[in-house]
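Have a look at the structure below before the remarks.
The values are calculated or read from the model by the stated rules, or taken from the named source; none is laboratory data. From a predicted model like this one, the values you see are computed outputs, not experimental measurements. Please note: Cβ atoms are built from the backbone with ideal geometry, for glycine as well, and neighbour counts cover all protein chains shown. SASA here: full protein model, heavy atoms, side chains in, ligands and nucleic acids out. Shrake-Rupley method; radii C 1.70, N 1.55, O 1.52, S 1.80 Å.
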Amino acid sequence: MRICILGSNGQLGRDLIEALNSHDLVPFTRKDFDVTEHTRAKTILSGVRPQMIVNLTAYHRVDDCEANPEHAYDVNVLSVLNLVRIANDLDAKIIQFSTDYVFDGKASTPYVETSEPFPLSVYGNSRLAGEYLVRALARRFMLIRTCGLYGHAGSQGKGGNFVETMLKKARNQESIQVVSDQTVTPTSTKDLARQLALLLPTSHEGLFHVTNEGACSWYEFAVAILEIAGIQANLTPTTSVVYKAPALRPRYSVLENRRLKNLGLNRMLPWRDALAEYLG
Ligand SMILES: NC(=O)c1ccc[n+]([C@@H]2O[C@H](COP(=O)([O-])OP(=O)(O)OC[C@H]3O[C@@H](n4cnc5c(N)ncnc54)[C@H](OP(=O)(O)O)[C@@H]3O)[C@@H](O)[C@H]2O)c1
C-alpha cells in the first residue's frame, strides 16, 4: 500500500516508518510542505496518489496554544479539513491523531471511545474540532487518540520528551519537581508504531484509543524512569496549582483501548514494560 506520512521526522513518525517498512512509504516533513499551505499540500499529495494519508502533524505545545489559538486552529483544524478533502479526492483513507486532552478528567475510570469529550484547553478544543471534521467529512478514516508519547526521536514540537528531560535533570543533579495530581498513561512511540502496523492495514474505520496499558501520575512515571535507569535524584511531587501552567489539564486522562480489545487486536504493553524497553 502507498502511504504518505506527514510529520514523519517526529518521534512517532520515525518509529512508524520502521514499523511500516513493508509498505510503499512516502514520508514528508515541514521542509517538503507546511500543512497550513493548503494548495501546496494538495499539489504534492495529488502527485503521489497515496492510498492512505497518515497525519502526524499538530501544534501541540499545550500552553502556547492558549496564547496562539488562531495558529492552533490553523494547524489542528483547518489543515485537517484540507487533508480530509485531499484524501476524499484521491479516494485515500486518512489516519488522524488526537489526544487524551479532549476529556475534562472528571472520570475515575478509563475513558473509552464512546465517552463524552469535554476539553479544558484551547489545545484540547482544537483537536476535538479536528476530530469532528474527520468524522463528519472523511469518506474513509481512522482517528487515533493517544497519550503521553515518548520516543527516541524526541518530540520535535515540544523539544525533547519527558523521559529524556528527567534523565538530563537527574544527571545534572538538579532538584526535580513533578506533578502527582495528573494521572495518564505514558506511551512509547515504538510500541504504538508496532500496534499501528497491525491496525492501519485492516479495513476497520472510526475512532480508536491506543495507549500503553495501566496508569500512573507524572510523578510516578518520573520515579519509574529513574528507578529503571538506576539514577539517584532529588525528586519530589508537586501539584498543578503550584506548577501553574497556563493551560488547564485533565486531572485524569487514562484511555482504555476498548475497541482494539473487542477486536482482539490489542497488543499494547503495560507502560512500565514499554518504558523498560525504551531505556534498555
Ligand atoms: N506527544 C504527545 O505526548 C502526544 C499525546 C497525544 C497525542 N499526540 C499526537 O500524536 C501525533 C504524533 O506526536 P509526536 O509526539 O510524534 O509529535 P512530534 O514529535 O512533535 O512530531 C510532529 C511532526 O509534525 C511536524 N509538524 C508540526 N506542525 C507542522 C506543520 N504546520 N506543517 C508540517 N509539519 C508540521 C513537526 O515538524 P517540525 O519538527 O518541523 O516541527 C514534527 O515533525 C501528533 O498528532 C500529536 O499531537 C501526541
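Please list, ordered by chain and number, the residues whose modelled amide H lies under 5 Å from the amide H of Gly160; skip anything fewer than 5 residues away on the same chain.
Under 5 Å from the amide H of Gly160 lie the amide H atoms of Ser155, each far enough along the sequence or on another chain.
Taking the 0 to 90 degree range and rounding to the nearest ten, how far is the long axis of helix 162-171 tilted relative to the main principal axis of the chain, both from C-alpha atoms?
Helix 162-171 sits roughly 30 degrees off the main axis of the chain.
Given Lys42/Lys261; Lys168/Lys244; Lys42/Lys106; Lys42/Lys244; Lys31/Lys261, which pairs have Cα atoms separated by over 31 Å?
Beyond 31 Å between Cα atoms: Lys42/Lys261; Lys42/Lys106; Lys42/Lys244; Lys31/Lys261.
For a quick protection proxy, order the peptides 61-68, 206-213 by their average other-Cβ count within 10 Å, most packed first. Intermediate values should be presented prior to the final figure.
Values: 61-68: 16.9, 206-213: 21.9.
Top of the packing list down: 206-213, 61-68.
Taking springs between alpha-carbon atoms closer than 10 angstrom, which of Lys42, Lys169, Lys244 fluctuates most in the Gaussian network model of the chain?
Lys244
Using only C-alpha positions, report the orientation-averaged shadow area of the convex hull of segment 93-146, nm², one decimal. Intermediate values should be presented prior to the final figure.
Details: hull surface 14.5 nm².
Mean orientational projected area (segment 93-146, Cα hull): 3.6 nm².
Cα gyration tensor of segment 1-58, axes a ≥ b ≥ c as square roots of the eigenvalues: rounded (a/c below 1.5), prolate (a/b > b/c) or oblate? Intermediate values should be presented prior to the final figure.
On the way: a/c = 2.51, a/b = 1.28, b/c = 1.96.
Oblate.
For segment 78-139 and segment 23-60, what is the centre-to-centre distance using only Cα atoms, to the nearest Å?
18
How much area per residue is accessible in segment 213-280 when the probe is 1.4 Å and only protein heavy atoms are counted (Å²)? Mind showing how you got there, number by number?
On the way: 3690 Å² over 68 residues.
Value for segment 213-280: 54 Å² per residue.
Which whole-percent values make up P(r) of the chain when all C-alpha to C-alpha distances are grouped in 5 Å steps starting at zero?
Spelled out per bin, shortest first, that is 1, 6, 12, 17, 20, 18, 13, 8, 4, 2, 0, 0.
Where is the GNM fluctuation largest for the chain (alpha-carbon springs, 10 angstrom cutoff): Ala41, Ala19, Ala229?
Ala229
Pull up the cross-link candidates among the lysines for Lys169, meaning alpha carbon to alpha carbon under 18 Å and not fewer than 8 places away within one chain.
Lys158
What full-extension length gain, to one decimal in nm, is calculated for Arg267 and Tyr132 as 0.36 nm per residue of separation minus the Cα-Cα distance? Mind showing how you got there, number by number?
Working: separation 135, 0.36 × 135 = 48.60 nm, distance 2.72 nm.
Taking Arg267 through Tyr132 to full extension adds about 45.9 nm, to one decimal.
Whenever you get a sec, compute what percent of the accessible area on the chain sits on carbon and sulfur atoms (1.4 Å probe). Display every interim value, and only then the final one.
Numbers: 6140 of 12600 Å².
Using a 1.4 Å probe with all protein chains present, the chain comes out at 49 percent carbon and sulfur.
Roughly how tilted is helix 38-48, in degrees to the nearest 10 and between 0 and 90, from the longest Cα axis of the chain?
Tilt relative to the chain: about 70 degrees.
How far is it, in nm, from the label point at Ala245 to the one at Arg140 when both lie 7 Å from their Cα along the line to the Cβ?
Modelled inter-label distance: 3.7 nm.
Starting from a Cα-only point model with no solvent, please compute log10 I(q)/I(0) by Debye for segment 66-167 at q = 0.17 1/Å.
Here the Debye-derived log intensity ratios amount to -0.90.
Using 1/(1 + (r/R0)^6) with R0 = 35 angstrom and r between the beta carbons of Leu198 and Thr114, what's the FRET efficiency to the nearest 0.05? Walk me through the intermediate numbers first.
Details: r = 22 Å, r/R0 = 0.64.
That pair, Leu198 with Thr114, gives E of 0.95.
Calculate, for segment 1-109, the solvent-accessible area per residue in square angstrom, rolling a 1.4 angstrom probe over the heavy atoms of the protein chains. Don't jump to the answer; show the numbers that get you there.
On the way: 4820 Å² over 109 residues.
On a per-residue basis, 44 Å².
Probe radius 1.4 Å, ligands and nucleic acids left out: which of His152, His60 has the largest accessible area, and how do the rest follow?
Values: His152 125, His60 50 Å².
Largest accessible area first, the list is His152, His60.
Counting only DSSP beta bridges with both residues in the chain, tell me the antiparallel percent, nearest 5.
On the way: 3 of 36 bridges.
Bridges in the chain are about 10 percent antiparallel.
To the nearest 10 degrees, how steep is helix 79-90 against the longest Cα principal axis of the chain, on a 0 to 90 scale?
Computed tilt is about 40 degrees.
Say R0 is 22 Å: what FRET efficiency, to the nearest 0.05, do Lys31 and Met1 get from their beta-carbon distance? Walk me through the intermediate numbers first.
Details: r = 24 Å, r/R0 = 1.11.
According to the calculation, E is roughly 0.35.
Have a look at segment 7-146 and give its Rg and Dmax from the Cα atoms, expressed in angstrom.
Expressed in Å, the Cα Rg and Dmax of segment 7-146 come to 15.1, 48.
Per 5 Å bin, what percent of the C-alpha pairs of segment 74-123 does each bin hold, from zero upward?
The distribution over segment 74-123 is 5, 16, 21, 17, 16, 14, 8, 3, 0, given as percents.
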